[in-house]
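Data block below; observations after.
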Amino acid sequence: MGRRIAQFELVIGTGLLAVIVVLVFIASVMRFVGYPLIWSVDLAQLLFIWLCFVGATRAMRERAHLGVDLLIRYVGHRNRLIVETVLAVIFIAFMAVLAWEGYLLTMLNRERLFGDSGLSYAYVTIAVPVGCIFLTLAILANAREAWSNRADGKALIFTRANGDADIREEI
């Protein structure tokens, strides 16, 4: 199931990036010939915000976010898993607050228009709570995997157990 979700995130992220690149290219060509697409910048920004959250969720699921582990790397697996679990609880609490505040911001911005596009600004702000929910689900999935496989000492919540594995090998 996790592999299918990772593939889905990859397809969505790749698709969003492709649409953004094509949209910006067409907008620049149209601007050059004297017919600017005023709404294109707004749409590209909207898609980029969603792309950021899709990418962040994928990186979290793949344990590919940057981290500083200078001190913790020398601690045993069991203690490291406990530290990462505490960090996961703090992270999830922060995501809950951020999701709630993002929801409130979305409700405030329902009537506000996003630039010249005519779209509601709520489409932008709703990316925050949705992204926070998906990031939390990725953390919970990583934690479940790490704790269920704790005996073999290979899985952690935020850190790859083998440290130097290339993400392309896992796809």
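The values are calculated or read from the model by the stated rules, or taken from the named source; none is laboratory data. Model, not experiment: these values are computed from the prediction. Cβ sites come from the backbone with ideal geometry, for glycine too, and all protein chains shown count toward neighbours.
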Quiz prompt | Number of the condition not met by SER117 [criteria: (1) within 27 Å of LEU16 (Cβ to Cβ); (2) at pLDDT 80 or above; (3) in contact with a helix residue (DSSP H, G or I) (Cβ under 8 Å, 6 or more places away or on another chain); (4) outside any helix (DSSP H, G or I)] | solution = (2)
Practice problem: Any chance you could count how many residues in the stretch 1-43 are surrounded by fewer than 17 Cβ atoms within 10 Å (Cβ to Cβ), small (Gly, Ala, Ser) and either touching an Asp or Glu at 6+ places or on another chain (Cβ under 9 Å) or not in a loop (DSSP other than H, G, I, E, B) (or both)? | Solution: 4
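Return yes or no: is TYR103 among the hydroxyl-bearing types (Ser, Thr, Tyr), crowded, with 16+ Cβ neighbours inside 10 Å and modelled with pLDDT of 95 or more?
Details: among the hydroxyl-bearing types (Ser, Thr, Tyr): yes; crowded, with 16+ Cβ neighbours inside 10 Å: yes; modelled with pLDDT of 95 or more: yes.
Yes, satisfied.
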Quiz item: Which members of the stretch 1-28 meet the condition of being more than 28 Å from GLU145 (Cβ to Cβ) and among the small types (Gly, Ala, Ser)?
Solution: ALA18, ALA27, SER28
Practice problem: Output the residues belonging to the stretch 57-71 that are in contact with a helix residue (DSSP H, G or I) (Cβ under 6 Å, 6 or more places away or on another chain) and of a type in the set (A, V, I, L, M, F, W, C). | Solution: MET60, ALA64
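With the condition kept exactly as written, say whether any residue in the stretch 154-165 is among the aliphatic types (A, V, I, L, M), assigned to a helix (DSSP H, G or I), closer than 25 Å to GLY13 by Cα and in contact with a helix residue (DSSP H, G or I) (Cβ under 7 Å, 6 or more places away or on another chain).
The first filter runs over the stretch 154-165 and keeps only residues among the aliphatic types (A, V, I, L, M), leaving 155-157, 161, 165.
After this cut, where a residue has to be assigned to a helix (DSSP H, G or I) as well, the list is none.
The answer is no, given that none of the residues of the stretch 154-165 is among the aliphatic types (A, V, I, L, M), assigned to a helix (DSSP H, G or I), closer than 25 Å to GLY13 by Cα and in contact with a helix residue (DSSP H, G or I) (Cβ under 7 Å, 6 or more places away or on another chain).
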Self-check item: Filter result for the condition that a residue is over 20 Å from the mean Cα position of the chain (by Cα), buried (at least 17 other Cβ atoms within 10 Å of the Cβ) and either of a type in the set (Lys, Arg) or not in a loop (DSSP other than H, G, I, E, B) (or both), over ARG63, ARG58, ARG80, ARG110
Solution: ARG80
